[in-house]
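Let me begin by presenting the structure, written as structure tokens, before commenting on it.
The values are calculated or read from the model by the stated rules, or taken from the named source; none is laboratory data. These numbers come from a predicted model, not from an experiment. Note: ideal-geometry Cβ built from the backbone for every residue, glycine included; neighbour counts use all protein chains shown.
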Amino acid sequence: MHARLAVIVAAALLVVVPVPGSAQNPGAQEERISDPPELRRNVRRILGGVPMTAADSMRQEIVRRLDFESYKALLRGLTEFGDREQGTARNRAANDWIEERLRGWGYETERVHYTFARRVGDSPEPRDQVFGTLVGATRPDEMYIIGAHMDGRGGGEAANDDGSGTALVMEIARVLASEDIVSDRTIRFALWNNEETGLQGARAYVEQRAELQGIEDPPGSGRYPEPRWMGMIQHDMMLWDHGNPVTSQQALDADVDVEYQLVSEMADESAQLGLALINANRMHATDYPAVLSNAMSNTDSTPFMDLTPSVSLRENRRLYETGNGANPHWHQPTDLFETFSDRDFMLGFNAAQTTLGALTELAGIRLVR
Ligand SMILES: [Zn+2]
């Protein structure tokens, strides 16, 4: 190629290929993380992040309201309660704190009450968990549930497991509380308790509320205490993808793992929900890609998977990676806020971009001006 022409072509390519932190992508983290260029990710080389319609642009505008510093501040706030182990005062205080935040943003909240006994023969003790709800503007009777578990274990701060998911759900709630945003369908922000002891909080929700789906109460009121479930999106351990053997930094192929469960009544529909998240990641995530796999396990979306499309987002596939030593801080005293770098927090933030991006389309979230 003629040398001068090559320069012109290269310049043209520079213009059309969006890179993180460019004008087309003002929400990117480039100013916040000083990675050398060879470590900067570019998940947008082939049409990633390029809006095709006016609706795409509006959805991007909504997703860009997610704030990295706000996400980290919410996560830090949760870690100040320690590991939030179920049945402890720090668990109860964290539940109150979560509810205060949701109410402060203008949401109505409720608590699901249930009982928990550690062993057969122990007398059951009362437990509860919080959810907040954004009521749908035109389809209040249909609902997406986004969740994470606020309890933890290990004697540290349960920062990653699962402060990272809890803060993510709360940051999405914060953005959607804005007065110029409406959602056609209802969205519920569920912060499960007792995940670590066997998913008792999420199971209690399903047991108590599955049969209430779609019932208008009182009749004619337009109010649906439990709208019909359209999907459940769980977030559980969302910071650390350092490879295995484990290295000191995020692996170069670090990604958001979207899992559904092949052996479930709603497997096909759950895979479709997963694909919606993969596509949303392509459009909205600034730094990390997402991949779909089919062995969702050991998290609060499990009790939902035979009833409604259900997926979970994770830093690693639960059975094949997390279960094989991919995160040395899992359930350890080192699961502390200070253990993680901005590049780790950014993986959780990208999962927030992925879920909110998918929800804008699935639930019909719009800007009203
Ligand atoms: Zn967990």
In the stretch 306-319, what residues are farther than 30 Å from Ala54 by Cβ, more than 16 Å from the ligand (Cβ to nearest atom) and surrounded by 23 or more Cβ atoms within 10 Å (Cβ to Cβ)? Thr308
Identify, please: which residue in the stretch 81-132 is part of a strand (DSSP E or B) and in contact with a Leu (Cβ under 9 Å, 6 or more places away or on another chain) and is, among those, farthest from Val175 (Cα to Cα)? Gln129
Of everything in the stretch 151-172, what is surrounded by 24 or more Cβ atoms within 10 Å (Cβ to Cβ) and either modelled with pLDDT under 95 or within 12 Å of the ligand (Cβ to nearest atom) (or both)? Give them in sequence order. Asp151, Gly152, Ala158, Ala159, Asn160, Asp161, Asp162, Gly163, Ser164, Gly165, Thr166
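Go through the stretch 243-257 and report how many residues are of a type in the set (A, V, I, L, M), in a loop (DSSP other than H, G, I, E, B) and in contact with a Pro (Cβ under 8 Å, 6 or more places away or on another chain).
So the count comes out to 1.
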Quick check on the stretch 62-85. Is at least one of its residues in contact with a strand residue (DSSP E or B) (Cβ under 8 Å, 6 or more places away or on another chain) and either among the aliphatic types (A, V, I, L, M) or modelled with pLDDT of 90 or more (or both)? yes
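Looking at the stretch 303-313, is at least one residue part of a loop (DSSP other than H, G, I, E, B) and under 22 Å from Asp151 (Cα atoms)?
Yes; the residues of the stretch 303-313 include at least one that is part of a loop (DSSP other than H, G, I, E, B) and under 22 Å from Asp151 (Cα atoms).
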Contacts under 8 angstrom Cβ, first residue in the stretch 192-211 being touching a residue at least 12 places away in the same chain (Cβ under 8 Å) and in a loop (DSSP other than H, G, I, E, B), partner β-branched (Val, Ile, Thr) and within 16 Å of the ligand (Cβ to nearest atom), 6 or more apart: Glu195/Thr299; Leu199/Thr299; Leu199/Thr302
Given Ala363, Ala295, Ala271, which one is buried (at least 22 other Cβ atoms within 10 Å of the Cβ) and either at pLDDT 95 or above or hydroxyl-bearing (Ser, Thr, Tyr) (or both)? Ala363
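Conditions (1) crowded, with 16+ Cβ neighbours inside 10 Å; (2) of a type outside the set (A, V, I, L, M); (3) at positive phi, marked per residue:
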position	(1), (2), (3)
Pro218	no, yes, no
Tyr224	yes, yes, no
Asp236	yes, yes, no
Ala267	yes, no, no
Is it true that Glu179 is within 17 Å of Leu102 (Cα to Cα), charged (D, E, K, R) and out of contact with any Phe, Trp or Tyr (no Cβ under 7 Å at 6 or more places or on another chain)? yes
Which residues, taken from the stretch 136-150, are part of a strand (DSSP E or B) and either surrounded by 24 or more Cβ atoms within 10 Å (Cβ to Cβ) or within 11 Å of the ligand (Cβ to nearest atom) (or both)? Met143, Tyr144, Ile145, Ile146, Gly147, Ala148, His149
Can Leu199 be described as within 16 Å of the ligand (Cβ to nearest atom) and on the phi > 0 side of the Ramachandran plot? yes
Residues of the stretch 261-292 satisfying the condition of being among the polar types (S, T, N, Q) and closer than 18 Å to Leu347 by Cα: Asn279, Asn281, Thr286
Could you check, for the stretch 279-297, whether at least one of its residues is part of a loop (DSSP other than H, G, I, E, B) and within 16 Å of the ligand (Cβ to nearest atom)? yes
Scan the stretch 97-140 for residues that are over 18 Å from Ala190 (Cα atoms), touching a helix residue (DSSP H, G or I) at 6+ places or on another chain (Cβ under 8 Å) and not aromatic (Phe, Trp, Tyr) and report the count. 2
With Asp96, Asp83 as the choices, which residue is among the charged types (D, E, K, R) and buried (at least 24 other Cβ atoms within 10 Å of the Cβ)? Asp83
(1) without any contact (Cβ under 8 Å) to a residue 40 or more places away in the chain; (2) outside any helix (DSSP H, G or I) all hold for Asp268 apart from (2)
Report whether or not Leu176 is under 25 Å from Leu347 (Cβ atoms) and away from the ligand (no atom under 16 Å from the Cβ). yes
Assuming Glu207 fulfils every condition listed in (1) charged (D, E, K, R); (2) out of contact with any Phe, Trp or Tyr (no Cβ under 9 Å at 6 or more places or on another chain); (3) surrounded by fewer than 17 Cβ atoms within 10 Å (Cβ to Cβ) apart from one, which condition is it? (2)
